[in-house]
Amino acid sequence: MKPYFKYVALSLAFSQTIATGHAALKQTDSLHNIPLTLRQVWDRAAAYSKAVQIKELHQQGSIEQIKDAKAERLPELSIEGEYARITNMPVYNNGIFHSPSQFEVLHSTHTVGADAYFNLYNGNKTNIEIAERKTENNIAVEQKKLTVAEVKLRAAAYYLDMQRSIIFRDLLLKDIEAQEKQLKQINTLKANGVVLKSDVLRAELKLSKQKLSLVQLNNDLAIANQKLNILIGLPDEQRVEPTKNSEQDSIALKSNNDYLADAGVNAYQLKISEQETLLRELQLKNVRANVSPKIGLFGMYKYSYPQIFLYPYSPYLYGIGMGGIKASFSISSFYHNSHKAKVAKLEYESQEIEHSQSQDNVRQQVNEAYRRFNEALNRVEVSKVNIKQALENRRIVSNTYFNQTSLITDLLDADTQLLQTRFDLAAAQIAAQLQYYQLQYITGKL
């Protein structure tokens, strides 16, 4: 057998194996497919994403911190008890080098008591602490929203990737079917001595490459499917069937200024940066409040045995209490707190600059996403025109080839160009939709 005939035989066998495997795979997939819209995927992603669950726990923790800060307004209460054994008390009347006389003491003491303190004023630190915890909670809320948006965007990317692979696969299957019919026609011409054996080999080679591309598309689809399953909490082997998204037909391009206005109000990065700036300001106020008097009410009552609080002592149980108002002021805070206040002020000023930088970043991201979205929409329109031109070119070349006025390479190139333009249109539509969600994510609307 000549080498090229052996190659044709192997190529045909390989093509049949691929086609059989694809049919079996398609039949298996249909048994496990779950149709999901993009909205349903987003709902599952928000519920099952581990990244979102982590942010949810952080948010719950910040709520508990608010409650803990508010609890600082309650009075401080404590109880105490003490039992001790006392040694003899020698008194050295004539110096330590002479024998002492012994002073009679009671060798056991008992004390039980309670005390309380209620803060009236401490430089407003308690209220500032509560405001800090609330601000941290606001940051945790926005961070969770940002994470949800990130997860939705990633889910949309996997989902649209699956849609693109399915569209490519369907286009490729139709093209393979058309190529097989065309190959039969070429074989007929070859049997009649109209074309050369090389024409048949070229057509078979192209058909084999198309079937190999089909295997790659199936693998791409399976990989994207597993990534999506992990994100939305489904088993790895579960097959998801993307459904047509009705939003695709309603996607419209607004002006760049409209998107900038939306980002200025809703962008997650700006909201987080704004709350972080407020937090730094509160921290500065908290440090400055260290140089403030502390005023509060206090009270205590205790039972003790023996009575050694007042002289003369007595071997009896006694009770004593006191209460009043207490004020204190740390003079050392003037020089201990000065550098802390400067550090807090510098951190606040640094955060203000970071907030301004965040505004610049969001503005740049909006502008880039807007232009890419506009570019994607233009590419869709150009791809539609290219398909019409490729169809007409394919029709002309097909007629001229079968009338023996053009080469097989011209026919195969025309087929390739037509398939490529269809691929380009599908890819452009998917890219435009993904770019739309990217723009929605940046402006805080996803």
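The values are calculated or read from the model by the stated rules, or taken from the named source; none is laboratory data. Predicted model only: the values in this text are computed from it and were never measured. Cβ placement follows ideal geometry from the backbone for every residue including glycine, while neighbour counts extend to all protein chains displayed.
Looking at the stretch 383-424, which of the residues that are in contact (Cβ under 8 Å) with a residue 12 or more places away in the chain, under 30 Å from Lys254 (Cα atoms) and β-branched (Val, Ile, Thr) is surrounded by the most Cβ atoms within 10 Å (Cβ to Cβ)? Per the stated criteria, the residue is Thr421. Scanning the stretch 295-313 for residues that are farther than 20 Å from Ile79 by Cα, out of contact with any Phe, Trp or Tyr (no Cβ under 7 Å at 6 or more places or on another chain) and surrounded by 14 or more Cβ atoms within 10 Å (Cβ to Cβ) gives a single hit, Ile308.
Identification of strands (runs of 3 or more DSSP E) wholly contained in the stretch 49-166 with 3 or more residues that are touching an Asp or Glu at 6+ places or on another chain (Cβ under 9 Å) and surrounded by fewer than 19 Cβ atoms within 10 Å (Cβ to Cβ) yields 76-85, 108-121. Taken together, the residues in the stretch 55-70 that are touching a residue at least 24 places away in the same chain (Cβ under 8 Å) and acidic (Asp, Glu) amount to 2.
Take the conditions over 45 Å from the mean Cα position of the chain (by Cα) and not in a helix (DSSP H, G or I) and apply them to Thr405. Does it pass? Here the answer is yes, as Thr405 does meet what is asked. Just to be sure before I move on: is Arg133 touching a residue at least 12 places away in the same chain (Cβ under 8 Å) and over 30 Å from Gln60 (Cα atoms) in the structure I sent? It is false that Arg133 is touching a residue at least 12 places away in the same chain (Cβ under 8 Å) and over 30 Å from Gln60 (Cα atoms). Could we say that Lys227 is charged (D, E, K, R), in a helix (DSSP H, G or I), within 21 Å of the chain's Cα centre (by Cα) and buried (at least 19 other Cβ atoms within 10 Å of the Cβ) here? Taking the combined requirement at face value, the residue does not satisfy it.
Cβ-Cβ contacts under 7 Å between residues 6 or more apart (or on different chains), taken from a first residue in the stretch 428-440 that is without any contact (Cβ under 8 Å) to a residue 60 or more places away in the chain and in the same structural domain as Ile167 (by TED's automatic domain parsing) to a second residue that is of a type in the set (Val, Ile, Thr) and surrounded by fewer than 21 Cβ atoms within 10 Å (Cβ to Cβ), are listed as Ala428/Val380.
The residue that is surrounded by the fewest Cβ atoms within 10 Å (Cβ to Cβ), counting only those in the stretch 249-294 that are of a type in the set (D, E, K, R) and touching a Ser or Thr at 6+ places or on another chain (Cβ under 7 Å), is Lys294.
Restricting attention to the stretch 259-301 and to residues that are out of contact with any helix residue (DSSP H, G or I) (no Cβ under 7 Å at 6 or more places or on another chain), hydrophobic (A, V, I, L, M, F, W, C) and outside any helix (DSSP H, G or I), the residue that is farthest from Ala369 (Cα to Cα) turns out to be Met300. Of all the residues in the stretch 185-210, those that are in a helix (DSSP H, G or I) and under 18 Å from Asp413 (Cα atoms) number 15.
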